[in-house]
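The next block holds one structure in the form of structure tokens; read it before the comments.
The values are calculated or read from the model by the stated rules, or taken from the named source; none is laboratory data. This structure is a prediction, so every number in the text was calculated from the model and none was measured. Every residue, glycine among them, receives a Cβ derived from its backbone with ideal geometry; neighbour counts consider all protein chains shown.
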Number of protein chains: 2
Amino acid sequence: MKKKTQNRELLYLKIARSLEQQINNDTLKVGDKLPSIRMICRQHGVSMSTAQFAYYELEAKSLIEPRPQSGFYVSNSFRKKLAMPEVSKPENKPALKTVTDIIENSFHPASENNFTVFSRGVPAMKLLPVAKLNKGALQAIRSLPGGGTTYEPLQGNEKLRIQVARWSFSWKGNLSEKDILTTAGCMSALSYCLMAMTKRGDTIAVESPCFYGILQLAQSLGLKILELPTDPQSGVDMESLKKIVLKTKLAACIFVSNFNNPFGSLMPEEHKKESVKLLGKYNIPLIEDDIYGDLYFGEKRPTCCKSFDETGMVLLCSSFSKTLAPAYRVGWVAGGKFMNEVMKIKLFHSLSSTSITHEALGSFLETGRYEAHLRKLRKTLYTNYLQYIRVIGECFPQGTKICRPQGGLSLWVELPKSIDTIELYNLAVSKKITFSPGSMFTLQKQFGNCMRLSYGLEWNEKTENGLKVLGRLAKTAMQ
Amino acid sequence: MKKKTQNRELLYLKIARSLEQQINNDTLKVGDKLPSIRMICRQHGVSMSTAQFAYYELEAKSLIEPRPQSGFYVSNSFRKKLAMPEVSKPENKPALKTVTDIIENSFHPASENNFTVFSRGVPAMKLLPVAKLNKGALQAIRSLPGGGTTYEPLQGNEKLRIQVARWSFSWKGNLSEKDILTTAGCMSALSYCLMAMTKRGDTIAVESPCFYGILQLAQSLGLKILELPTDPQSGVDMESLKKIVLKTKLAACIFVSNFNNPFGSLMPEEHKKESVKLLGKYNIPLIEDDIYGDLYFGEKRPTCCKSFDETGMVLLCSSFSKTLAPAYRVGWVAGGKFMNEVMKIKLFHSLSSTSITHEALGSFLETGRYEAHLRKLRKTLYTNYLQYIRVIGECFPQGTKICRPQGGLSLWVELPKSIDTIELYNLAVSKKITFSPGSMFTLQKQFGNCMRLSYGLEWNEKTENGLKVLGRLAKTAMQ
């Protein structure tokens, strides 16, 4: 009985997904009539209710709309054909510039309670499995020796490492708990990797636009940063990468291969394989940040570059900050052949991890609830994303372009050239709205008319209004 | 009623303390008869039971022993006049050498459950107020928004910062919560300060011997390390410091001013004032590590260098890892005029602290239980220390010297020159005992015949046996 229900669920989602693709591909255009419910039943051999569920799903996403006594049509209100941004074209020279203070300000707005915070790339508290995590934390306090007061081994909580290792099968990885070092979140993992792999004055290569946290981290270590041309859909431009490794000595690359922040781009599997091979050939360590990998909108979990790493040159970093509990500070790194170096940096800079929260997540993962939670979270995020592009299509200025993220939490919006999003940011803050201006994501002069919006917020009237106000402000700024 | 009990407690301790000083000063020599109980009553105007309590206290510490029908005598078994080590004499040149692997090995021995771990500088779990901390942690999970899943402000938990600020009165400081940034333990605080104050190739000055964690941290940041002559009783040699600032450009100094690890030395208040003035004059930031300050054996909490810092040149780092909960990873830094720089490093390298454990300690401190816990812990540690020197006096080779720590957790033992404590370490590990060989505490060729023993362990038969075995091994090694 339970299995039957699950099958029906999968069926209606499958049907909805394939119609959605046709809408996305323009096979079904705005205003086109969809097949009748009866037709769906015949074509797919499903029950009336399954077919109806598929249409409810599409309707909930504002992709289709019913017309009385006529049937379902591809929704008119849905995206006025928002174009995609172009491949980024940063200059081919390493930058070593001081970041502006707007970054810190926008990251920590004075009072967040009344703000609509589009600037913070984490899921809203209501999207997290708080009650179940609390249970895990209480259990951790009860079960750990000394209630979690005494040091755990340097490599980290074993339960957690075993669970992370098991989960690696989902991305065609093959980690054992011995390959994993726990860290205080993904930023610590990246920090340890960079400290282990580079020294002041070295050059590293990153995507462009690139998460400002990575830029800041690298700058604080005195590194030069080379920004690589990046495609909004497929990530790092492989041809550019090939040219650059030929002429520039890189100490490391950092790629957010799955759902890059802020583009939401996804490196195709061939590019992943190719990068690993190419960088391996030139002996360049690849620090891969897979923090968004579990938040895919597609059919299945994407692989990582690490999935194709045969020589240990990939240092894979991730955390549970985007899916479970940001402030638990639970991350990890699989350091490949550099594991010992990374482990030493952890020892020197922080001794050990916080036992309670690491054990708590280990226990949570052990219950097998992570997968069900992720299914729900991904669905919510995808629906949010569709709502965002609907409102942006309706309210933002003519000529606005947006990315089509294939997962993650970030929507990259390119406004008409005449708009300066730093000025817009200041206007928005006065309306109690924050977002991340595009210039935070580069050290060069680019993206000045872009912004990143997190769709990790709860979708409600306040959020919708926030977007509408942003649109209005942008339109005013144009004039 | 309660007040009266407290007064009596204070009285008996006061009497015991003053007799103890006389014993330490050799005013009362081994074998001397102590005043009778009756005499104490008359002299101090106290009750019989108070006088008796004072003698029980001294007896528990093995300082005195009763002889039937005769009274109390200064104990014979107590220290066979162990000499003190000399002032250290490191070379006056900055070192940049790679540390040996024994450090990592000795810090994390394979299986600790069966080991007697003299190498770890934290109090044993049984000395921590685990039940009360658990209560704080449970309360944190219940009271924090989202059970502690969502980010707290960058500067850290406010409750905790307020408590740390209040506590600053105990060392004649005057911090407000705005002056304090929370960190993941004291190592993180030191790491942030060093990253903010120095860059690769800079020279910093430290005590000699110096806690190996500081040496490793500084090395991993590519710093040159100048080791300063240090007195086992009064810490950094002020004359040497004065000469060095004249001829060497220092990017920072790191002093463990109170109960330096491993010497246990205590900088006199005049030296603290003088250092702050001197370093301020040459514009050298002083990173002060006060992690042991609350673990004093004397009458009162010692001040910090920070207590005399009028210009904000002192960055004071500390944590609760030595007094409450090592694996909670709760530390803090008062960065003085460099607060913004330190805060940025925290943002770039770790985003935020672990909410649950920071709130838990905030709650614990709010209850006012810290002081009572510290009183108990200090008493235990001091008694442990006396037991250690008793056994060392009995069992270690002729010519062994030991420090007289005035607080903290570390006992520094100097064995006869012919003993190599790295060889001794390997022998000890085969007997399931670990300690920290002296060469871990320097980058130069010195302290090869020294060792650090933590007296944070529970004092029991296993611990006593561990010391006796060490003594036997050392005697064998001499031959």
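Structural remarks
- Of the residues screened, A:Ile103 is not one that is at pLDDT 95 or above, assigned to a helix (DSSP H, G or I) and buried (at least 19 other Cβ atoms within 10 Å of the Cβ).
- Residue pairs whose Cβ atoms lie under 8 Å apart, separated by 6 or more positions or on different chains, with the first residue in the range A:49-76 and over 23 Å from A:Trp459 (Cβ atoms) and the second assigned to a loop (DSSP other than H, G, I, E, B), are A:Gly71/A:Leu34; A:Gly71/A:Ser36; A:Tyr73/A:Gly31; A:Tyr73/A:Asp32; A:Tyr73/A:Leu34.
For every residue, the table says whether it meets (1) assigned to a helix (DSSP H, G or I); (2) of a type in the set (S, T, N, Q); (3) modelled with pLDDT of 95 or more.
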site: A:Leu374; (1), (2), (3): yes, no, yes
site: A:Glu394; (1), (2), (3): yes, no, no
site: A:Gly399; (1), (2), (3): no, no, no
site: A:Arg404; (1), (2), (3): no, no, no
site: A:Trp412; (1), (2), (3): no, no, yes
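- Of all residues in the range B:230-276, those satisfying the criterion of being assigned to a loop (DSSP other than H, G, I, E, B) and surrounded by fewer than 19 Cβ atoms within 10 Å (Cβ to Cβ) are B:Gln233, B:Ser234, B:Thr248, B:Lys249, B:Ala251, B:Pro268.
- Filtered residue count, the range B:51-69, keeping only those that are crowded, with 17+ Cβ neighbours inside 10 Å and on the phi < 0 side of the Ramachandran plot: 9
- Screening the range A:354-369 for residues that are among the small types (Gly, Ala, Ser) and more than 10 Å from every other protein chain (Cβ to nearest Cβ) and picking the one that is surrounded by the fewest Cβ atoms within 10 Å (Cβ to Cβ) gives A:Gly368.
- A:Leu467 part of a strand (DSSP E or B) and either aliphatic (A, V, I, L, M) or touching a residue at least 40 places away in the same chain (Cβ under 8 Å) (or both): no
- Selection status of B:Val429, surrounded by fewer than 22 Cβ atoms within 10 Å (Cβ to Cβ), over 16 Å from the mean Cα position of the chain (by Cα), outside the structural domain of B:Val164 (by TED's automatic domain parsing) and more than 25 Å from B:Ser75 (Cβ to Cβ): yes
- Cβ pairs under 7 Å, 6+ apart, first in the range A:319-331 and surrounded by fewer than 24 Cβ atoms within 10 Å (Cβ to Cβ), second among the charged types (D, E, K, R) and not in a loop (DSSP other than H, G, I, E, B): none
- Residue satisfying condition, being farther than 20 Å from A:Pro229 by Cβ, over 19 Å from the mean Cα position of the chain (by Cα) and assigned by TED's automatic domain parsing to the domain that holds A:Lys199, within set A:Pro285, A:Pro326: A:Pro285
- Condition check for A:Val206: more than 30 Å from B:Tyr151 (Cα to Cα) and within 22 Å of the chain's Cα centre (by Cα): no
- Criterion: within 12 Å of chain A (Cβ to nearest Cβ), of a type in the set (Val, Ile, Thr), within 17 Å of B:Phe255 (Cβ to Cβ) and outside any loop (DSSP other than H, G, I, E, B) - qualifying residue of B:Ile204, B:Ile225, B:Ile214: B:Ile214
- A single entry from A:Thr198, A:Thr183, A:Thr150 fulfils the requirement of being modelled with pLDDT under 95, within 14 Å of chain B (Cβ to nearest Cβ) and closer than 30 Å to B:Leu154 by Cβ: A:Thr150.
- Verdict on B:Lys445 being surrounded by fewer than 19 Cβ atoms within 10 Å (Cβ to Cβ) and under 25 Å from B:Leu381 (Cβ atoms): no
- Of residues in the range B:321-353 being touching an Asp or Glu at 6+ places or on another chain (Cβ under 9 Å) and part of a loop (DSSP other than H, G, I, E, B), the one farthest from the other protein chains (Cβ to nearest Cβ): B:Gly335
- Residue in the range B:32-50 that is buried (at least 17 other Cβ atoms within 10 Å of the Cβ) and under 26 Å from B:Pro232 (Cβ atoms) present: no
- Matching residues in the range B:76-94 - criterion: being at pLDDT below 75 and within 21 Å of B:Met451 (Cβ to Cβ): B:Arg79, B:Lys80, B:Lys81, B:Leu82
- Scan of the range B:277-320 for residues that are in a loop (DSSP other than H, G, I, E, B) and within 14 Å of chain A (Cβ to nearest Cβ), ordered by number: B:Ile291, B:Phe320
- Checklist (1) at pLDDT below 85; (2) within 30 Å of B:Pro232 (Cβ to Cβ) applied to B:Ile64, failing item: (1)
- Conditions (1) over 30 Å from B:Arg120 (Cβ atoms); (2) charged (D, E, K, R); (3) more than 12 Å from every other protein chain (Cβ to nearest Cβ); number of the one not met by A:Lys135: (3)
- Meets criteria (of a type in the set (Lys, Arg), in contact with a strand residue (DSSP E or B) (Cβ under 7 Å, 6 or more places away or on another chain), under 24 Å from B:Thr248 (Cβ atoms) and at pLDDT 95 or above) for B:Lys306: yes
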